[in-house]
Each structure stands twice: as C-alpha cells, then as structure tokens.
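Q: Got a structure here, written out as structure tokens. Questions coming.
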Amino acid sequence: AYDNPAVAFQILQNSIKQARDMAKQEDSVLATLREAAKKDVAGVDEQLKQTLLESRDRIAGLRARQSTPAELMGLVDRSREVGVSGRVMECIFHLLNNLANSCWDAHDVILKDKTLDRALALLVAKSTPDYVVAAVVGFLTSLSQRRASRPPMLKANVLEALRPIILLSSPAVNSIAAVLTAANLSGEHPAEKCPAVTAEQQVGAKTVSALHAFVGRVSFAGRFGTVWKVASTVAGLCRQRRNHAMMLANAVPALMVKILQGEHLHPVAQESCCTVLLLLAHETSSRSAILADAPEAEAALH
C-alpha cells in the first residue's frame, strides 16, 4: 500500500464493497421469496417466513459492516478481554501508516471510529512497547501531512501526547517523526494557539536539521525521511515570522536552492522551496542574509 493510492484505497474500501455486493445478492434472494409469498398469501409456508427473517438479519449485518481501519482499531482496543500482541499492533499501525501516506483522500475514513483516541491511548500508556509507540508516531506523521486532517488531530490533543516522545530524543520511539508531526500541526499557528509545543522541544530547528540530512541522503536521529514531505513541513513553519531567524541561522535559503537545483524534483518540494524563499524575502532585513547564504536565489527575489 505504500506510495500506491489505488492499492491503498482498495484495502480501505474492500470490506465495505464486499459487504455491499453480498447485500445485493441477499436482496435478490429476498425479492424472489417475496414474490413466492404473494402467490400463496393465505398459507405462507412457515419455512419461507423463517428464511425471510434470516435474510433480513443478514442484510442488516452486512450493511452495518465497518471499514478496514475500524476493524483494525477494534483489535487494538485496550478494553478487549483478549488483546493482540505488541507485534500485531505494530503491524496494524504500519499498515495504517502506509494507507495514510499513499491515499490522502482516504484520511476521512481512517479518522473515523475512534482511530485517534485509540492511537493516543497507546502513546500515553506506560506499558506500550517502544516499537509500537514508534509505529503509532509514524502513522500520526503521515496523517499530519494532509492539511485537512490537522484540525481533528489538534482537537484530539495529539501535540500533548507527543510532547514526552519529542523530549526523549530517541530513535526507539521515533522521536524525529513526533517532531515532524508537531511541526505540521503547529507550524502555521501562532505560538499561543499551540502551548504544548515549547522552546525546549526545538521543533523548528530539528525539522530544518532533518531536512539538511535527508537532502544529503543520510539519516537524522536514527531515521530517514522523504525530502518533499519535510520541505513542505519547513514551508509551514516559515509562515510564522518567529521561525525566520532560526531558518536564516541554519542556512535554509541555501538548502532551498540546493533542492530546487536537484534532479527529479518533486512538485511539492518545488512549491515549498519557492514559498520559503519568498516568505523570508518579504522581510527587508532578511534579504541581505538570504543573498549572502544563497546568491543563486537573487533571481527568485526580483
């Protein structure tokens, strides 16, 4: 499902589509039985009545069938009498991560049925193994890439749940993915609207450092990442002036030019890099710093 929207959407919708197809078959059988009953209204066979009732029950059950994410979330529900193993939970969130990563149109399906509530419950539970926490954080990062998915994540207090994971700075719990998620969720908002993101977390600086590493095709904080996604995150952070000084201090203009000059440039990366350069250039005081850092950017500023 990773990076394949068609496969991802098929996985997401398959159980519902299958149920609908089966319900149509049951409807056809039910219609035939109704016609048979009409021909002998006075003495409808008891077995026929029972068949009608059973068919109606099956149709109701099929029509109520849940989507694939809902079924998966049922497995990780901590209130279940018989739970699944940590490794199964890890696989479930890797699958959800792949689906969220490759099929943004399906985020609305994924976000239903208490998906966030159950994911966050695993994050805050002290008994959750690190590898499960890492998988859940990766899933949240993929969800946060889509702007329309951010409001429900903010409402669910995802930033608060990620705070201790960010402060751990540990590859074992995928702390850098938690940083990128926090940057996506908070980057475009004033600081006072996201009090859970504090200076000690260094969300902006770590995001920029991660992008430097990924452009150089090396890992950062024990993880690799996708350039266009992190470039998009940096562009979001740049929309708040409080991050401009940090970006200039960390050679972001030169990094943006380097990405723009690279081969096989992703359209989102191109848009993000141009956005960063233009936002920084809007401040007259920043223009000289930009040109000193990245002389090649001069053409973009005029």
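The values are calculated or read from the model by the stated rules, or taken from the named source; none is laboratory data. As the structure is a computational prediction, the values presented were derived from the model and not from experiment. Cβ coordinates were reconstructed from backbone atoms using ideal geometry, including for glycine residues, and neighbour counts include every protein chain displayed. Protein only, heavy atoms only, side chains kept; ligands, DNA and RNA dropped before computing areas. Shrake-Rupley method; radii C 1.70, N 1.55, O 1.52, S 1.80 Å.
Q: In whole Å, what are the Cα extents of region 116-181 along the three principal axes, biggest one first?
A: 30, 20, 17
Q: In whole percent, and with a 1.4 Å probe on the protein chains, what portion of the accessible area of region 183-280 is carbon and sulfur?
A: Solvent-exposed carbon and sulfur of region 183-280 make up 54 percent of the total.
Q: Give me the base-10 log of I(q)/I(0) for region 108-219 at each q in 0.13, 0.15, 0.16 Å⁻¹, Debye formula, one uniform scatterer per Cα, rounded to two decimals.
A: The calculated log intensity ratios at q = 0.13, 0.15, 0.16 Å⁻¹ are -0.45, -0.61, -0.70.
Q: So which chymotrypsin sites (Phe, Trp or Tyr not before Pro) in region 193-246 end up in coil per DSSP with only 13 or fewer other C-beta atoms within 10 Å?
A: Details: sites: Phe214, Phe220, Phe224, Trp228; in loops: Phe224.
Taking region 193-246 and a limit of 13 other Cβ atoms within 10 Å, the loop chymotrypsin sites (Phe, Trp or Tyr not before Pro) found are Phe224.
Q: Continuing with the same structure: Just need log10 I(q)/I(0) for region 67-169 at q = 0.11, 0.12 Å⁻¹, Debye formula, equal scatterers on the alpha-carbon atoms, no solvent, rounded to two decimals.
A: Listed by q, the Debye log ratios stand at -0.29, -0.35.
Q: So what is log10(I(q)/I(0)) for region 203-302 at q = 0.20 1/Å, when the Debye sum runs over its Cα atoms only?
A: The Debye formula, applied to the Cα set alone, gives -0.94.
Q: Measuring from a point 7 Å past the Cα of Ala249 along Cα-to-C-beta, which residues in region 190-208 have an amide N at less than 18 Å?
A: Those under the cut-off are 191, 198-208.
Q: For region 171-296, with every protein chain kept in place, what is the accessible area per residue (1.4 Å probe, Å²)? Before the final figure, lay out each step's value.
A: On the way: 5780 Å² over 126 residues.
Normalised by residue count, the accessible surface of region 171-296 is 46 Å².
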